[in-house]
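The values are calculated or read from the model by the stated rules, or taken from the named source; none is laboratory data. The model shown is predicted, which means the values in this text are computed figures rather than measured ones. We place every Cβ from the backbone using ideal geometry, glycine too, and count neighbours over all the protein chains shown. These accessible areas exclude ligands, DNA and RNA; they are computed on the full protein's heavy atoms, side chains included. Shrake-Rupley method; radii C 1.70, N 1.55, O 1.52, S 1.80 Å.
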Amino acid sequence: MPISGKRYVFNKKNVDKSPTKTGVFALYDGTTLIFIGRATDKGVTIRSKLQDHLEGREGESTPRATHYKREETKSSVSREIELLAEYKDSFGGSPRANVPAV
């Protein structure tokens, strides 16, 4: 089951209001899902990961995202694996920004 709930505009104002908890998030370019990620604690939160993506510290593709969704969960690793498997089953691969650059 994909991340449900509200889509937020991917900007500093919204990212700075994101939770400081563990969980998963999805980045979109328009209506296209481009990245699925996780925040696993130990100082890494949904907010801090979204800030890293917004500011370009996680690659060149994700700062171009226009929207995001987020989901708080204590089992962020297993939830990320589940979301990536669902995406692969539906589209035959990973979201474009989840694929390492060659």
Query - Residue check for residue 36: at pLDDT 95 or above and either over 18 Å from residue 4 (Cβ atoms) or out of contact with any Ser or Thr (no Cβ under 6 Å at 6 or more places or on another chain) (or both) - result: yes
Query raised in the report: Does any residue of the range 90-97 turn out to be open to solvent by less than 30 Å² (accessible area, probe 1.4 Å), touching a strand residue (DSSP E or B) at 6+ places or on another chain (Cβ under 7 Å) and on the phi < 0 side of the Ramachandran plot?
Result: yes
Query raised in the report: Taking the range 20-58, which residues are part of a loop (DSSP other than H, G, I, E, B), open to solvent by less than 70 Å² (accessible area, probe 1.4 Å) and within 12 Å of residue 10 (Cα to Cα)?
Result: 30
Report summary line: Quick count over the range 62-75, residues being open to solvent by less than 50 Å² (accessible area, probe 1.4 Å) and modelled with pLDDT under 95, is 3
